[in-house]
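Structure first, then comments.
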Amino acid sequence: MPYLAAVDRLTAFWIALGAQVELMDERHHDLVLAVTSHLPHLIAYNIVGTAADLEEVTRGEVIKYSAGGFRDFTRIAASDPVMWRDVFLANKDAVLEILGRFTEDLQALSRAIRWGEGDTLEALFTRTREIRRGVIAAGQETPEPDFGRQRKGE
């Protein structure tokens, strides 16, 4: 069966099951998944591992003082280690490309904190907050309370 015919049949199959199907080339797919799935998992594994490795923080304290953000990281970091090992190795080019960009952005954020550049921090946080709202608007997540807006009385 020619490639395009197979893609058409598979697309029709998934649509018949109620799925929304989007086609993209392999490289684009790998980059999209590297930034939306793979890197978040890598960060989660790393931050939870870092917390576990800190000698001055006991495991009990990590658990006791876990706020929502850290709990979200632990949920992601509880994913199947074998599957994610294989995902990272099979997609290493895209993951390394996105990881490089993330590292550069993290260094810029570190400099902003070091130099007290509050406007830079606020601009990033405002932009990323809008992305979160876009995720919610797209139906990808249940809305959470917006405590920042409530605090400002908006």
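No value in this document is a laboratory result; all are computed from the given coordinates. Every value quoted in this text rests on a predicted model; they were computed, and no experiment measured them. Every residue, glycine as well, gets a Cβ built from its backbone with ideal geometry; the counts of neighbours run over all protein chains shown.
A few notes on this one:
- Of the GluC sites (Glu not before Pro) found in region 1-55, the ones in coil according to DSSP and having at most 16 other Cβ atoms within 10 Å of their Cβ are Glu22, Glu55.
- Rounded to the nearest 10 degrees, the inclination of helix 68-77 to the longest alpha-carbon principal axis of the chain is 40 degrees.
- Rounded to the nearest 10 degrees, the inclination of helix 118-137 to the longest alpha-carbon principal axis of the chain is 40 degrees.
- The longest stretch of the chain left intact once loop-based chymotrypsin sites (Phe, Trp or Tyr not before Pro) with at most 11 other Cβ atoms within 10 Å are removed from consideration, loops following DSSP, is 1-64.
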